[in-house]
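A short write-up of the structure that comes next.
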Amino acid sequence: MDETSKSRRLWGDLENSILAGRGIDIGCGRDPVTEDAARFDVEHGDANHITRHITERFDFVYASHCLEHMHRPREAILEWWSLVRPGGHLFFMVPDEDLYEQGVFPSRFNPDHKATFTIFKQSSWSPVSVNVSELAASLPNGHLVKLVLQDQGYDRTLLKHGRRAYPVLERAARLMLKAFRGSTSEGAFFIPALWKTVGRFVAVDQTLRPDVVAQIQCIVRKLL
């Protein structure tokens with residue numbers, strides 16, 4: 001699912017006003033945040049070390065569900081931050097570790113995730129947890145504009161925290177859901193009853209649904 005398009009439905013005047021001027025979308029895939037934003041993805045270089053490839057400064061630097069794929073997210077985001085001009089913004093989203101990973105790392109839904117994220121905790125079940133509030137505070141000359149958990153559409157009654165006793169059943173259920181999605185219309189695939197039935201027994205990735213997010217949104221402004 002194109003996460004930026006899903007998130008755009010949640011944005012208000014603040015988010016839309018930030019996405020003005022010259023911007024770059026890191027990890028945009030096929031879903032860039034604006035038509036005229038510069039695009040940076042794997043074919044353009046390594047986002048872990050983006051300053052090796054990009055030297056321009058931007059009014060906004062945007063990244064949706066990319067930071068969790070970085071080997072050292074704290075170091076990567078400092079490089080991303082260096083691309084923001086004074087007065088500009090860093091705007092990013094990451095999955096919430098409790099709603100997405102649900103107490104399991106490596107992630108059962110995306111094994112390429114190299115870190116998990118929470119707004120703030122004194123301690124976490126995850127060995128690679130990152131507090132987004134602390135991450136934002138670490139950005140030099142930064143001012144936190146917005147930090148929010150977005151869980152619209154998420155059904156917490158289906159949440160399964162921690163590793164289940166039936167990993168083979170979980171894998172089979174996920175394959176079934178993906179196959180069913182591929183063979184039916186989107187509307188039919190996302191019948192709530194189907195998710196309720198499967199979710200009674202195994203953990204499901206609710207963000208496969210077009211109406212569900214389980215993420216943290218953060219916006220930081222670089223002071224003049």
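Applying the selection to segment 1-32, what residues are among the hydrophobic types (A, V, I, L, M, F, W, C) and under 14 Å from F58 (Cα atoms)?
Filtering segment 1-32 for residues among the hydrophobic types (A, V, I, L, M, F, W, C) gives 1, 10-11, 14, 18-20, 24, 26, 28.
Once the filter is applied, which keeps residues that are among the hydrophobic types (A, V, I, L, M, F, W, C) and under 14 Å from F58 (Cα atoms), segment 1-32 yields I18, L19, A20, I24, I26.
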*asked:* Anything in segment 44-99 that is touching a Lys or Arg at 6+ places or on another chain (Cβ under 6 Å) and among the charged types (D, E, K, R)? List them, or say none.
replied: R57, D59, R85
*Any idea which residue in segment 95-109 is farthest from S123 (Cα to Cα), counting only those that are in contact with a strand residue (DSSP E or B) (Cβ under 8 Å, 6 or more places away or on another chain) and free of Cβ contacts under 8 Å to residues at least 40 places away in the same chain?*
S107
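Can you list the strands (runs of 3 or more DSSP E) lying wholly within segment 80-173 that have 2 or more residues being polar (S, T, N, Q)?
Working: elements: 84-95, 116-118, 129-131, 142-150.
So the answer is 116-118, 129-131.
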*asked:* Just the residues that are under 19 Å from the mean Cα position of the chain (by Cα) and of a type in the set (D, E, K, R), please, taken from segment 35-93.
replied: R39, D41, D46, E68, R72, R74, E75, E79
_Going residue by residue through segment 43-52, is there one that turns out to be in a helix (DSSP H, G or I), modelled with pLDDT of 95 or more, in contact with a Gly (Cβ under 7 Å, 6 or more places away or on another chain) and over 23 Å from V128 (Cβ atoms)?_
yes
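Yes/no matrix, rows are residues, columns are (1) surrounded by 14 or more Cβ atoms within 10 Å (Cβ to Cβ); (2) over 19 Å from Q217 (Cβ atoms); (3) among the acidic types (D, E); (4) free of Cβ contacts under 8 Å to residues at least 40 places away in the same chain:
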{"position": "T4", "(1), (2), (3), (4)": "yes, no, no, no"}
{"position": "S7", "(1), (2), (3), (4)": "yes, no, no, no"}
{"position": "A20", "(1), (2), (3), (4)": "no, no, no, no"}
{"position": "E35", "(1), (2), (3), (4)": "no, yes, yes, yes"}
{"position": "V42", "(1), (2), (3), (4)": "no, yes, no, yes"}
{"position": "H69", "(1), (2), (3), (4)": "yes, no, no, no"}
*Among (1) in contact with a strand residue (DSSP E or B) (Cβ under 9 Å, 6 or more places away or on another chain); (2) among the charged types (D, E, K, R); (3) part of a loop (DSSP other than H, G, I, E, B), where does E35 come up short?*
(1)
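Tell me the residue from F109, F117 that is modelled with pLDDT under 95 and surrounded by 17 or more Cβ atoms within 10 Å (Cβ to Cβ), please.
Details: F117 fails: modelled with pLDDT under 95.
The match here is F109.
Go through V202, V130 for me and flag whichever is modelled with pLDDT under 95 and out of contact with any Gly (no Cβ under 7 Å at 6 or more places or on another chain).
On the way: V130 fails: modelled with pLDDT under 95.
Being modelled with pLDDT under 95 and out of contact with any Gly (no Cβ under 7 Å at 6 or more places or on another chain) holds for just one of V202, V130, which is V202.
Sort through H71, H65 and tell me the only one that's under 22 Å from G153 (Cβ atoms) and in the same structural domain as I18 (by TED's automatic domain parsing). Please lay out each step first, then the result.
Values: H71 fails: under 22 Å from G153 (Cβ atoms).
Among H71, H65, only H65 is under 22 Å from G153 (Cβ atoms) and in the same structural domain as I18 (by TED's automatic domain parsing).
The values are calculated or read from the model by the stated rules, or taken from the named source; none is laboratory data. A quick note: this is a predicted structure, and the numbers were derived from the prediction, not measured. All Cβ positions, even for glycine, are placed from backbone atoms using ideal geometry, and neighbour counts span all protein chains on display.
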